[in-house]
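Read the figures in this text as sums done on the coordinates, not as results from a lab. Given the structure is predicted, the values throughout are model-derived calculations rather than measurements. Neighbour counts are summed over all protein chains in view; Cβ atoms, including those assigned to glycine, are modelled from backbone coordinates with ideal geometry.
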Amino acid sequence: MQTKIEKIDSSSALAIKIIESQEEEALDFLSFREKLSYANISHPEKRKEWATARMAMRDALEVLHVPYPGFFKDEHGKSQVMNGTGFVSLSHTEGLAGAIFHRETPVGIDMDFIREKILKIGFRFLDQTEIDFLEKDPLHYTMAWSAKESIFKCQGKRGVSFRDNILLEPFSPSASIIRGKVRGTDFADHHYQVQVRVISNVVLTYTIW
Ligand SMILES: CC(C)(COP(=O)(O)OP(=O)(O)OC[C@H]1O[C@@H](n2cnc3c(N)ncnc32)[C@H](O)[C@@H]1OP(=O)(O)O)[C@@H](O)C(=O)NCCC(=O)NCCS
């Protein structure tokens, strides 16, 4: 399986994996609770995505010399570390899975294919000020979408609206950092810096609280 691992600093790392078929024994590292969750996913492609995201997590942890602790989902759907030490975020899409870990602060990661159809749904996730600065370009829109996904996952709470509560500052389609903030919630005025990478037809973003 092709894997890209990046040690961001001494406290954080991320890993991206291309999804391939895997042997059952490759998942021995999962916790008992995770094995149960895995067994309950009926769709074969979703099972692969779910498992590969955990394998990416294991690989990111390995570069930080952190043993795989196992993860569970909290009441908002956000993955939390079983032993309460550190923060994690996961993303998976057709053929790709990724994970990021930080020892001390919340993180968010997201990956999305660049697709034409995102131009049609801009009004659902963008504020008017964002529509005004974004070019009618699938890459630019996907960057905005993915940055909001990463910010959403970093803050972790359900009920935060992409359009109404997450606001991005103007950025260009060649930007490597997108600045944004969460407003109008309990986390109002928290500012984020989202890192952006474009890897062929996929936008990868991540942010550290
Ligand atoms: C939950 C959500 C963040 C998932 O994102 P996605 O692009 O569908 O899927 P991804 O593969 O990138 O991410 C999935 C992972 O997000 C994580 N996740 C789910 N809810 C989360 C939350 N509240 N906080 C942080 N992470 C969360 C999970 O780890 C999940 O992986 P897992 O099921 O394997 O554990 C997203 O679908 C969502 O609900 N967003 C908020 C709703 C919204 O405003 N949508 C836009 C309106 S137009």
field: Where N is the number of residues in the stretch 59-131, Cα Rg divided by 2.2 N^0.38 Å
entry: 1.42
- request: Quick one: give the max-minus-min coordinate of the C-alpha atoms of the stretch 125-182 along each principal axis, largest first, in Å.
  value: 29, 22, 17
- request: Compare the peptides 70-79, 40-49 by average per-residue count of other Cβ atoms within 10 angstrom and give them in order, highest first.
  value: 70-79, 40-49
message: Please check: in the Gaussian network model of the chain (C-alpha springs, under 10 Å), which one of Leu36, Leu134, Leu64 has the largest mean-square fluctuation.
response: Leu36
- request: Take the Cα coordinates of the stretch 111-208, assign each an equal point scatterer, and use the Debye formula without solvent to give log10 I(q)/I(0) at q = 0.21, 0.23 Å⁻¹.
  value: -1.03, -1.24
Cβ-derived FRET efficiency at R0 30 Å, Ile131 paired with Ser10, nearest 0.05: 0.15
- line: So, relative contact order of the stretch 3-105 in percent, Cα under 8 Å, 6 or more apart, is 35 percent
query: For the chain, what is the charge dipole size about the Cα centre, in debye to the nearest 20, if Lys and Arg each add +1 at the Cβ and Asp and Glu each add -1 at the Cβ?
result: 300 debye
field: Cα→Cβ-extended label distance, 7 Å offset, between Thr105 and His190, nm
entry: 1.1 nm
task: Largest first and to the nearest Å, give the Cα extent of the stretch 3-105 along each principal axis.
output: 36, 29, 24
task: Note the count of lysine pairs whose C-alpha atoms are less than 22 angstrom apart in the stretch 111-208, limited to pairs 8 or more residues apart or on different chains.
output: 9
10 Å-binned pair-distance histogram of the chain (Cα, whole percent): 9, 35, 36, 18, 3, 0
field: Net dipole in debye of the stretch 87-136 [+1 Lys, Arg Cβ; -1 Asp, Glu Cβ; about Cα centre; nearest 20]
entry: 160 debye
field: Full-extension gain in nm, Ile18 to Ser42, via 0.36 nm per residue minus C-alpha separation
entry: 6.6 nm
